[in-house]
């Protein structure tokens, strides 16, 4: 076996299960924060993207917590307790988020409504909410 198999990814990941109370904020795992984010939070904001929508969500970083803006991301993605999110760090506090359901398969979404939404800076933009498809089979 080569050492390359055990080296860290160029785009590191962390996993977060959605536990009761996840709606208002989530906590970045301590090891991930220490290795990749600590001291690099210019402006104390992260950006989240997903395949469910073309929107980039601005989320306030408060220590290890993702706070302001997180609730809007969670609502727009119809996240529920027991969903599992994989956060892939693309660099510069940009994360690609992939949600998985109870089946441990990726949640598929379809577009729903379009509406005006305020981001964390107060800017109003058009937003699409998404809904989970009935099945999240692999």
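Fewest neighbouring Cβ atoms within 10 Å first, the residues 25, 36, 109 line up as 36, 25, 109. Using the Cα gyration tensor of the range 19-65, with a ≥ b ≥ c the square roots of its eigenvalues, what is the shape: rounded (a/c below 1.5), prolate (a/b larger than b/c) or oblate (neither)? Note, shape of the range 19-65 comes out oblate.
Computed over the Cα atoms, what is the radius of gyration of the range 6-92 divided by 2.2 N^0.38 Å, N being its residue count? Mind showing how you got there, number by number?
Details: Rg = 12.7 Å, N = 87, 2.2 N^0.38 = 12.0 Å.
That works out to 1.06 for the range 6-92.
Just check the range 67-110 against the gyration tensor rule for me: Cα atoms, a ≥ b ≥ c as the square roots of the eigenvalues, rounded for a/c under 1.5, and otherwise prolate or oblate depending on whether a/b exceeds b/c.
On the way: a/c = 2.07, a/b = 1.31, b/c = 1.57.
Oblate, since a/c reaches 1.5 and b/c is not below a/b.
We did not get these values from a lab; they are worked out from the coordinates using the rules stated. This structure is a prediction, so every number in the text was calculated from the model and none was measured. Every residue, glycine among them, receives a Cβ derived from its backbone with ideal geometry; neighbour counts consider all protein chains shown.
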